[in-house]
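**Q** Sharing a structure below in structure tokens format, with a few things to ask.
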Amino acid sequence: MSNKPNAGEPESRPPGACDNPMAIEAAVRLGLSLTRQATGTETVALEQSAGRIAAEPIDAVLDQPAFDNAAMDGYAVKTSDFVGSPPYTMAFAPTPGEDAPQAARIFTGRPLPDGADAVVMQEHCDRFGSVIEFRFAPDAGNNIRRQGEDCRRGERLVESGTLLDARHIALLSAQGLTSLPVVRRVRIAHFSTGSELRQPGQPLEAGEIYNSNRFMLHALLNEPFVETTDLGAVPDVPAELSRVIREASSTSDVVLTTGGISAGDEDHLESVVAQLGGATHLVRLAIKPGKPVMMGRLASVVFVALPGNPVAAYVTFMLLARPVIDYAAGMAPRPLPVMTAQSAFTKTRRTGRTEYLPCRIIGVSDAGMPIVDAYRKAGAATLVPLARANGFAVIPSDAEKIDKGDAIRFIPLP
């Protein structure tokens with residue numbers, strides 16, 4: 001199942017150390033190099049396997065189709081019986097005739113009668129009592145599904161590490177399978193840091209805010225292959241952070257956090273992980289929003305600490321945390337869907353960081369590309385543009401200006 005890149009064991013740096021801005025691709029490689037895949041499997045019923053990850057390869061046990069059959073409702077015929085010019089007439093019979101031309105009624109999926117080598121769709125002929133009239137002559141093989149044309153017995157159907165969905169379930173049920181082995185769920189503990197955080201429903205005092213990251217992460221982690229432990233919000237107190245991290249790392253494969261990794265006096269997360277014996281890597285990503293992240297490992301557990309601002313946390317989850325989680329769960333990281341769109345906005349900017357702008361689709365170009373417009377007040381902490389967006393426009397790090405009509409990359413959101 002391993003799809004880990006060829007990256008050596010990274011060296012830990014002292015807490016607070018931070019290299020030059022790192023490209024997101026390099027950060028993902030670092031994160032994957034710190035990550036160990038979940039071990040252990042379980043057998044689940046086929047109908048419960050959607051969203052789980054195949055633990056081993058699955059081969060066909062049957063030819064599919066198991067026999068030659070009709071692809072359409074119509075009439076099974078021998079093409080050699082079509083002589084002369086249309087229309088062609090034949091007697092209606094259970095099977096094509098040996099001596100006289102005959103047509104056999106057949107329905108989709110039924111076995112092909114002996115002697116038949118084509119099926120004529122019922123829309124292309126007329127029946128008059130016991131006589132069938134055909135408007136044209138078919139070619140041999142028309143509207144026939146041959147035995148094994150989809151797959152042959154022994155053919156590989158599903159590779160180990162495949163994220164199973166409705167398509168795979170249809171294929172495996174057609175093989176008669178009722179259960180299959182899947183990788184156990186990857187265990188992820190998540191919490192938010194910040195003494196100012198309160199939960200929805202609690203009263204707010206001066207300087208306090210509601211914890212949006214907790215619920216956003218819970219929703220982002222809502223995958224059938226994930227088992228989550230929600231540890232809520234943790235105050236900016238080193239002893240409390242240490243207690244929660246020890247608890248999370250004792251039962252999890254991945255610990256995911258938000259906040260506590262900037263250069264402020266109350267940002268203790270990296271130093272606490274290091275004091276517990278973990279390897280820590282504070283990274284300034286060359287993206288906007290979402291510059292500071294921390295990755296690390298404590299024993300067999302990988303840490304991914306995202307920024308505290310919610311839009312920055314969302315973007316860095318999408319770009320960095322999701323690939324790490326995918327790999328930890330036993331599959332290759334899923335690529336984000338990317339399409340080409342046409343810009344409906346103008347933007348002048350400083351170069352150096354790849355920018356991810358929440359955008360809405362406002363139309364379709366003559367070339368069939370979505371036309372997208374950016375939200376003017378979008379930022380690392382502005383949730384309304386994120387909630388209303390159809391996706392993110394991706395502005396390259398070296399682009400000084402985007403003009404209306406420019407072709408740009410666009411990541412659609414579900």
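Bear in mind that the values in this text are calculations on the coordinates, not laboratory data. For clarity, every value in this text was computed on a predicted model and none was experimentally measured. We place every Cβ from the backbone using ideal geometry, glycine too, and count neighbours over all the protein chains shown.
**Q** Step through the residues of the stretch 56-64 one at a time and calculate ³J(HN,Hα) from phi using the Karplus curve (6.51 cos²θ - 1.76 cosθ + 1.60, θ = phi - 60°), rounding each to whole Hz and writing x for Gly and Pro.
**A** 8, x, 10, 10, 5, 9, 9, 5, 9
**Q** Here's something else I'd like to know. Write down the radius of gyration of the stretch 104-206 and its Dmax, each obtained from C-alpha positions, in Å.
**A** So, for the stretch 104-206, Rg and Dmax equal 28.5, 89 Å respectively.
**Q** A further question on this structure: Give me the orientation-averaged projected area of the Cα convex hull of the stretch 69-145, in nm², one decimal.
**A** About 4.3 nm², averaged over all directions.
**Q** A follow-up question, please. If only Cα atoms are counted, what is the Rg of the stretch 209-346, and what is its Dmax, in Å?
**A** Rg and Dmax of the stretch 209-346, Cα atoms, are 15.5, 51 Å.
**Q** Where a Cα-Cα gap under 30 Å defines reach, which lysines qualify for Lys377, not counting those fewer than 8 residues away within the same chain?
**A** Lys288, Lys291, Lys347, Lys401, Lys404
**Q** Still on this structure, I have one more. Once the other residues with Cβ under 14 Å from the Cβ of Arg187 are scored (Lys, Arg +1; Asp, Glu -1), what is the net sum?
**A** For residues surrounding Arg187, the net value is -3.
**Q** On alpha-carbon atoms, Rg over Rh for the stretch 339-412 using Kirkwood Rh?
**A** 0.94
**Q** Cut-off is 10 Å between beta-carbons; in what order do Lys78, Lys291, Lys377, Lys401 appear when sorted fewest neighbours first?
**A** The most exposed by this proxy come first: Lys377, Lys401, Lys291, Lys78.
**Q** Moving to a separate point now. Rank by packing, highest mean first: peptides 149-155, 251-257, with packing defined as the count of other Cβ atoms within 10 Å averaged across residues.
**A** Averaged packing, sorted descending, gives the order 251-257, 149-155.
**Q** Now, a different point. In nm, to one decimal, how far is the Arg360 label point from the Asp126 one, both placed 7 Å along Cα→Cβ?
**A** Spacing of the two 7 Å Cα→Cβ label points: 5.7 nm.
**Q** Using 0.36 nm per residue, how much length does the chain from Ser173 to Met369 gain when fully extended, once their Cα-Cα distance is taken away? Intermediate values should be presented prior to the final figure.
**A** Values: separation 196, 0.36 × 196 = 70.56 nm, distance 3.77 nm.
This chain segment gains 66.8 nm when fully extended.
**Q** Pop out the ³J(HN,Hα) list for the stretch 313-324 in order, Karplus 6.51 cos²θ - 1.76 cosθ + 1.60 with θ = phi - 60°, rounded to Hz; leave Gly and Pro as x.
**A** Per-residue couplings from phi come out as 5, 5, 5, 6, 4, 4, 8, 10, 5, 4, x, 5 Hz.
**Q** Net charge within 14 Å of Thr89 by Cβ-Cβ distance, Lys/Arg positive one each and Asp/Glu negative one each, not counting Thr89 itself? Mind showing how you got there, number by number?
**A** Numbers: positive: Arg127, Arg135; negative: Asp81, Asp126, Glu133.
Surrounding charge for Thr89 is -1.
**Q** Have a look at Ala389, Ala166, Ala328 and tell me which one the Gaussian network model of the chain (Cα, springs below 10 Å) gives the largest fluctuation.
**A** Looking only at Ala389, Ala166, Ala328, the biggest GNM fluctuation is shown by Ala166.
**Q** Continuing with this model, one more query. Given DSSP loops and a limit of at most 16 other Cβ atoms within 10 Å, what is the longest stretch of the chain that contains no such chymotrypsin sites (Phe, Trp or Tyr not before Pro)? Can you show the working numbers first?
**A** Numbers: sites that count: Phe67, Phe107, Phe136.
It works out to 137-414.
**Q** Alpha carbons only, please: Rg and Dmax for the chain, in angstrom.
**A** 29.8, 96
**Q** Report the full-extension gain for the segment Glu42 to Ala381: residue separation times 0.36 nm, less the Cα-Cα distance, to one decimal in nm.
**A** Computed gain between Glu42 and Ala381 is 118.0 nm.
**Q** Net charge within 15 Å of Leu306 by Cβ-Cβ distance, Lys/Arg positive one each and Asp/Glu negative one each, not counting Leu306 itself? Numbers along the way, then the final one.
**A** On the way: positive: Arg214, Arg284, Lys288, Lys291, Arg322; negative: Asp267, Glu270.
Overall, the nearby charge balance is +3.
**Q** May I pose another question? Take every DSSP beta bridge with both residues inside the chain and express the antiparallel ones as a percent of the total, to the nearest 5. All intermediate terms of the calculation are to be shown ahead of the outcome.
**A** Values: 59 of 86 bridges.
Approximately 70 percent, going by the DSSP bridge assignments.
**Q** Roughly how tilted is helix 238-251, in degrees to the nearest 10 and between 0 and 90, from the longest Cα axis of the chain?
**A** Once rounded, the angle reads 30 degrees.
**Q** From the phi of every residue in the stretch 200-211, what ³J(HN,Hα) in whole Hz does the Karplus formula 6.51 cos²θ - 1.76 cosθ + 1.60 yield, where θ is phi - 60° and glycine or proline is x?
**A** Running phi through 6.51 cos²θ - 1.76 cosθ + 1.60 with θ = phi - 60° gives x, x, 8, x, 9, 8, 4, x, 9, 9, 7, 7 Hz.
**Q** In units of 2.2 N^0.38 Å, what is the alpha-carbon radius of gyration of the stretch 162-259? Can you show the working numbers first?
**A** Details: Rg = 18.6 Å, N = 98, 2.2 N^0.38 = 12.6 Å.
Against the compact-globule rule of thumb, the ratio is 1.48.
**Q** Just to be sure I understand: with springs between alpha-carbon atoms less than 10 Å apart, which residue in Asp59, Asp165, Asp366 has the highest mean-square fluctuation in the Gaussian network model of the chain?
**A** Result for the chain, Cα springs under 10 Å: Asp366 fluctuates most.
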